[in-house]
Amino acid sequence: MPRPMAVTAREGEARTIRSLPLDLHTAFPVSEEKIYLSICDSTVLAQSVRAAVDRFLDQVMYWREERSTRDSVVEATRAKFAALIGGQEGDVAIVKNVSEGINAIATAFDWRPGDNVVLCASLEHPNNVIPWLHLKRRGVEVRIVPPSDGAINPQQIIANIDEHTRVVTCSSVTFAPGLRTDLAPIGRACRDRGVFFLVDAVQSVGILRLNVEVESIDGLVVSTAKGLLGLYGMGFLYCRRHWAQRLVPVYLSRPAVDLPPDRYSEMASFKLEIRPDARRFEVGSVDYASCYAADAALDLIFSIGPDAIEAHTLRLADRMRRGLAALGLEVTGLRAHDRPSHIVTVGRLGCGGHEVTDDPWLRAISQRLKDASVAHTIRRGMLRFAFHIFNTDQEVDSVLALVASVKRPA
Ligand SMILES: Cc1ncc(COP(=O)(O)O)c(C=O)c1O
């Protein structure tokens with residue numbers, strides 16, 4: 001298959017990545033081997049990210065840098081992530097993944113029987129449902145809101161909030177069918193009622209813009225293993241200071257406590273002062289290798305520009321959607337009321353299992369794409385493609401040509 005060699009933009013396109021300081025095709029070696037449309041499933045490394053991890057490994061192997069250098073990378077990474085989501089540096093804790101961040105919040109409330117949590121379970125990833133179901137043993141009601149037209153409906157979420165609601169949670173973009181959630185009205189409603197608004201943002205951060213202040217978000221969790229272009233084993237938990245002060249972490253260790261190193265020896269006689277911000281949720285040493293990766297990846301994201309990344313990925317996704325629809329496929333996100341994202345899904349939601357589809361045409365297309373080294377996924381019966389900064393118009397056109405070559409079964 002002919003391979004595009006650089007990201008290019010057509011004349012007149014607004015906010016493109018035309019003026020990038022680097023050749024993204026070279027920066028992401030995956031593009032040499034395949035068309036990678038699976039960032040919604042798994043991260044891929046840029047050369048610069050790999051180099052940062054190598055630097056850390058060399059440091060460990062030869063002990064070339066002081067511990068303080070590692071710690072300064074951790075703090076720089078925290079600050080960069082905070083800047084990306086419009087939060088304060090102290091409001092960000094480093095965690096292991098999305099699940100750990102969600103569980104940190106879910107277990108930090110002093111739940112009373114009859115309290116409730118509101119979510120649209122059928123559109124959430126299991127890792128943002130199971131921690132809440134686990135609270136049923138403490139008498140917490142999990143209020144399940146139905147989806148509307150494949151999307152999380154803010155009005156339905158808000159209508160389910162009552163005086164016993166303590167948490168509302170949703171994804172910023174659903175893993176399937178990949179629509180964007182209108183977060184701001186939910187955030188405002190939660191803020192007005194003193195309810196904690198927790199967003200699973202792993203399917204959008206690093207690709208689409210989001211601002212915790214503008215959208216009145218109290219808590220946000222991501223892993224670095226998707227759009228943030230880092231490694232597995234690390235994530236971020238944002239928690240607004242107002243709430244952090246009221247939530248009591250179940251796990252506690254040194255990073256969470258205000259304790260000067262010169263007083264460790266007197267520790268047993270101390271009244272523990274838990275940090276007043278999100279760092280109270282950070283447990284022990286961080287995964288430094290992943291942190292070096294995240295730091296370099298955030299540099300890359302900022303060097304390109306979050307607005308440019310959003311514009312580029314939304315444009316490619318739109319091109320793909322229209323092309324697939326023109327081939328007669330059922331594509332999500334083309335109706336006027338949809339809020340499409342960088343994720344493109346094809347077929348009917350639920351027409352198959354979590355990673356399989358019952359639709360023979362989609363199965364045949366998937367096989368053809370696999371044979372041509374087009375990385376994609378199947379979720380809940382739908383074919384799923386997702387875009388990031390290294391994808392190109394030419395890649396979209398190549399995929400559309402492959403799809404067009406698969407005849408619809410009679
Ligand atoms: C919306 C969403 N949440 C969470 C996860 C994964 O959670 P974790 O980072 O805990 O593995 C995924 C990934 O597959 C996801 O799509």
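The values are calculated or read from the model by the stated rules, or taken from the named source; none is laboratory data. Keep in mind it's a predicted model, so treat the numbers as computed, not measured. Reconstructed Cβ throughout: ideal geometry from the backbone, glycine too, with neighbour counts over all protein chains shown. Protein only, heavy atoms only, side chains kept; ligands, DNA and RNA dropped before computing areas. Shrake-Rupley method; radii C 1.70, N 1.55, O 1.52, S 1.80 Å.
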### Task
Translational diffusion coefficient, Stokes-Einstein: compute it for the stretch 342-410 using the Kirkwood radius over C-alpha pairs as Rh, at 10 °C and 1.306 mPa s, and state it as an integer in µm² s⁻¹.
129 µm²/s
### Query
Roughly how large, in nm² to one decimal, is the mean projection of the convex hull of the alpha-carbon atoms in the stretch 67-300?
12.8 nm²
### Task
Find how many whole Å separate the alpha carbon centroid of the stretch 324-356 from the alpha carbon centroid of the stretch 65-89.
38 Å
#### Entry: Crossing angle, helix 67-85 versus the chain [Cα axis fit, 0-90 degrees, rounded to tens]
60 degrees
### Query
How far is helix 393-404 tilted off the main Cα axis of the chain, in degrees rounded to 10, range 0 to 90?
60 degrees
### Query
Counting each DSSP H run of 4 or more residues in the chain as -39500 (n - 2.57), what helix-only mean residue ellipticity at 222 nm follows after dividing by all residues, to the nearest 500 deg cm²/dmol?
-10000 deg cm²/dmol
### Message
Take the residue pairs K80/K271; K80/K226; K136/K226 and return only those whose Cα atoms are more than 23 Å apart.
### Response
K80/K271; K136/K226
### Task
Send over a whole-number figure in Å² for the accessible area per residue of the chain, probe 1.4 Å.
42 Å²
### Query
How would you rank 258-264, 349-355, 309-315, highest first, on the average number of other Cβ atoms within 10 Å across their residues?
309-315, 349-355, 258-264
### Query
So what's the Cα pair-distance distribution over the stretch 253-302, bin width 10 Å, in %?
22, 35, 27, 13, 3
### With Cα atoms, 0 to 90° folded angle of helix 306-326 axis to the chain main axis
40 degrees
### Query
What are the extents of the Cα atoms of the chain along their three principal axes, listed from largest to smallest and rounded to whole Å?
75, 55, 36
### Query
Of the heavy-atom accessible surface of the stretch 360-410 (probe 1.4 angstrom), what whole percent is carbon and sulfur?
53 percent
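Got a number for carbon plus sulfur as a percent of the stretch 67-300's accessible area, 1.4 Å probe?
Within the stretch 67-300, the accessible surface is 51 percent carbon and sulfur.
Can you tell me what the convex hull of the Cα atoms of the stretch 235-365 projects to on average, as an area in nm²? All intermediate terms of the calculation are to be shown ahead of the outcome.
Working: hull surface 55.2 nm².
Averaged projected area of the stretch 235-365's Cα convex hull equals 13.8 nm².
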#### Entry: Backbone HN-Hα couplings from phi across the stretch 246-259 [Karplus 6.51/-1.76/1.60, Hz, Gly and Pro as x]
9, 9, 10, x, 6, 9, 9, 8, 3, x, 8, 10, 7, 8
### Query
How far, in nm, would the chain grow between R191 and H164 when pulled straight, counting 0.36 nm per residue and subtracting the alpha carbon separation?
8.3 nm
### Task
List, largest first, the extents of the alpha carbons of the stretch 179-293 along their principal axes, each in whole Å.
53, 38, 19
### Query
Along the stretch 94-103, what does the Karplus equation 6.51 cos²θ - 1.76 cosθ + 1.60 (θ = phi - 60°) give for ³J(HN,Hα), rounded to whole Hz, x for Gly and Pro?
8, 10, 8, 5, 4, 4, 5, x, 5, 5
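Highest first, please rank the peptides 28-34, 320-326, 181-187 by the mean number of other Cβ atoms sitting within 10 Å of their residues.
181-187, 320-326, 28-34
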#### Entry: Nearest-20 debye value, the stretch 282-410 charge dipole, Cβ charges on Lys, Arg, Asp, Glu
860 debye
### Message
Quick check: net charge around P177, other residues with Cβ under 10 Å of its Cβ, Lys/Arg +1 and Asp/Glu -1?
### Response
+2
